[in-house]
């Protein structure tokens, strides 16, 4: 089956050339195009993409008008793919081109719509591994349809990739989109290699923001947690109030009303404020969605 490759690029330079050379050498018989989407990062990165377009006929360079994020950049790249299968790789060489063949071989075994590359051993920093594990744990509860081995190293059929370009949400989470589109998803084990970049593009702040955006846009987990807290608080307040009344009748050794007032004010206002916070988050995202803003804007395309 013919293959297209999408690489969202932000600040890589030399690694893009290595990726292009390895992909061209490994899949020259089936490779349709290598779409490199520049997400408004370093100017040197776009200069390198333009140079690769001149040197390699398969390379298509897409420049976005501003930074739209990795997931939006990846979906943008799908619009320029003609291969029957589409692989998505990171720019920093943590995904080796040779492993695309493993995904393709696994895809044929079950005619899967999506195949993820599952890392045998993650090469991220310790803090990145911890935050990623925490995010996946929350998503397993909030978004049970999401495949447990989801990563940015994926192989998709062109039909499924096209469907993702039609979706609009206040926040783009490609793997969440894939969960909505198909359940015919699998994974196979691949290697995870050292990044060619000294620092990750994802800071702790960005990862935390990414986590909350996914939770509020793709799951009802915050509402479910709030509901549970409300029920627990109601039961606790009711039990304490009952205890206070009974003790007042039996022992008459406390200022009636004060403990109850403290309990009700503490628990009650806490839950009310928490509930308002959650509702505001959803309302804000509904407002963003109704503006119908585009997920990306293309500035230029070079071939």
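The values are calculated or read from the model by the stated rules, or taken from the named source; none is laboratory data. Fair warning: this is a prediction, and the values are worked out from it, not measured in the lab. Cβ atoms come from the backbone with ideal geometry, glycine included; neighbour counts cover every protein chain shown.
On the basis of being surrounded by 11 or more Cβ atoms within 10 Å (Cβ to Cβ), touching a helix residue (DSSP H, G or I) at 6+ places or on another chain (Cβ under 7 Å) and either outside the structural domain of residue 34 (by TED's automatic domain parsing) or at pLDDT below 75 (or both), does residue 263 make the cut? Against the criterion (surrounded by 11 or more Cβ atoms within 10 Å (Cβ to Cβ), touching a helix residue (DSSP H, G or I) at 6+ places or on another chain (Cβ under 7 Å) and either outside the structural domain of residue 34 (by TED's automatic domain parsing) or at pLDDT below 75 (or both)), residue 263 qualifies. Does residue 138 meet the test of being at negative phi, part of a helix (DSSP H, G or I) and modelled with pLDDT of 95 or more? Criteria not met by residue 138. Report yes if residue 5 is buried (at least 20 other Cβ atoms within 10 Å of the Cβ) and either at pLDDT 95 or above or touching a helix residue (DSSP H, G or I) at 6+ places or on another chain (Cβ under 7 Å) (or both), otherwise no. Yes, satisfied. Being surrounded by 18 or more Cβ atoms within 10 Å (Cβ to Cβ) and assigned to a loop (DSSP other than H, G, I, E, B) is the filter; apply it to segment 150-163 and report the residue that is farthest from the chain's Cα centre (by Cα). So the residue we want is 153.
Count of segment 266-298 residues, restricted to those that are loosely packed, with under 15 Cβ neighbours inside 10 Å, under 30 Å from residue 240 (Cα atoms) and modelled with pLDDT under 75, is 6. The number of residues in segment 206-260 that are surrounded by 15 or more Cβ atoms within 10 Å (Cβ to Cβ) and at pLDDT below 70 comes to 2.
Looking at segment 35-46, which of its residues are surrounded by fewer than 16 Cβ atoms within 10 Å (Cβ to Cβ), closer than 19 Å to residue 298 by Cβ and touching a residue at least 24 places away in the same chain (Cβ under 8 Å)? Steps first, answer last, please.
The initial filter retains those residues of segment 35-46 that are surrounded by fewer than 16 Cβ atoms within 10 Å (Cβ to Cβ), namely 42-44.
Applying the additional criterion that residues be closer than 19 Å to residue 298 by Cβ yields 42-43.
Hit for segment 35-46 is 42, nothing else.
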